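Scroll down for the structure; my scribbles are underneath it.
The values are calculated or read from the model by the stated rules, or taken from the named source; none is laboratory data. Note that the coordinates shown come from a computational prediction; the quantities given were computed from them, not determined experimentally. Every residue, glycine among them, receives a Cβ derived from its backbone with ideal geometry; neighbour counts consider all protein chains shown. All accessible areas refer to the heavy atoms of the entire protein, side chains included, with ligands and DNA or RNA removed. Shrake-Rupley method; radii C 1.70, N 1.55, O 1.52, S 1.80 Å.
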Amino acid sequence: MKYGKVLCILCMILSVLTALSGCGSEEAAGPKGKSYFSYFDTVSYVYSYAGDSAESFDELSAEASAILGEYHRLFDIYHEYAGMNNLCTLNKNAGGEALPVDEKLIDFLLYTKELYTLTGGEVNVMLGAVLRPWHECREAASADPASACIPDDAVLLAAAEHTDISLLEIDREHGTVRIADPEASIDVGAVGKGYAAEMAARKLEAMGAESYVLNVGGNIRIIGTRPDGTGWVTGIKDPQSPDSFAVKLDIADTSCVTSGVYERYFTAEGVRYHHIIDKDTLYPAEYYSSLTVLCADSGLADALTTALFCMPIGEGRALVRALDGVQALWIYPDGSMEYTDGIEK
């Protein structure tokens, strides 16, 4: 990971933790926290406001770290690891025979197919062939900004021919996965971090954790409330001035995920290109500058930020209304915003 990216993420984490800091009597000794730099090319944080012992916190944070690490390895599309077939292995084997994979990966990939249906195809983990050239251009621009360019339209159109979700063949009975097209590939950037955070949070909940905050690269998953029953205030960054907040939310026992044009981008010939690609245009989506989703499940929240980012406001509101317990906040390029009733509350 590049130093500048690490510094940027650290500043983001620090601002979130400052916003989430407590002042109740139960927290007089100060909350406990641990950071991890090895997962999902970002900084992950486990934070406890529960007033639990150092031994208890060490056990719970170590469990969260282990789960994040396991999913990081399973979801990695750039590296393989001894003793497992992960997404990188599946992509390398595209067009070949079905491969045995961990049951956790089976569960996750089946969930991504449900998300595909739920979002009308806006969340499609088989979009990897289209995302790859954009990623390569972003990496090249980082290394040599003066020579930055965008993918050729012909390349994108050809790649789009290899993105059908049916190319992902999952056999739960035999525990295997196959990508049917040798030109197709999986990319789970739209949901992977949130899903891993949710799995870690559920494990901690099963172990009795309360008043915990997990922050996986800005994907916030809160377990319970403060010891006094109140929530935490967290700020949603202003896309036009990311060092300040556009709005602040009081949240508890939920997940909060934001996607924005200021997170990952590169500039070519004076135009900024962010990382959220619209399946219909094959270019970065242009509806919003920032989109925040609140709901109980961090994996769903992560996926919905991508889906809603690529939908006109009417379609997005209709999708949110169809889902129980989901709230959303849209910020437009001009700084204006819209939000569901639950956000105002």
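Which of 316, 111, 289 sits farthest toward the positive end of the charge dipole of the chain, with +1 on the Cβ of Lys and Arg and -1 on the Cβ of Asp and Glu? Farthest towards the positive pole: 289. The relative contact order of region 159-234, computed from alpha carbon pairs under 8 Å that lie at least 6 residues apart in sequence, is 18 percent. Computed from point charges on the beta carbon alone (+1 for Lys and Arg, -1 for Asp and Glu), the dipole magnitude for the chain about its Cα centre is near 580 Debye.
Do any of 237/279; 203/248; 32/203 go past 22 Å between their Cα atoms, and which? Those over the limit are 237/279; 203/248.
Among the GluC sites (Glu not before Pro) in region 262-345, those located in a DSSP loop and surrounded by at most 10 other Cβ atoms within 10 Å of their own Cβ are 269.
Principal axis analysis of the Cα atoms in the chain yields extents of 61, 49, 42 Å, listed in decreasing size. Between residue 345 and residue 269, the simple spin-label model (points 7 angstrom out along Cα→Cβ) gives 4.9 nm.
Surface composition of region 213-314: carbon and sulfur atoms hold 46% of the protein heavy-atom accessible area at a 1.4 Å probe. With Cα atoms defining each centre, region 177-226 and region 246-303 are spaced 16 Å apart in the structure. Across the options 214, 33, 130, the greatest Cα extent toward the positive end of the charge dipole of the chain (unit charges at beta carbon of Lys, Arg, Asp, Glu) belongs to 33.
List the chymotrypsin sites (Phe, Trp or Tyr not before Pro) within region 64-121 that DSSP assigns to loop and that have no more than 11 neighbouring Cβ atoms inside 10 Å. Kindly include the intermediate steps, with their values, before the conclusion.
Working: sites: 71, 75, 78, 81, 108, 111, 116; in loops: 78, 81.
Sites meeting the loop and neighbour criteria: 78.
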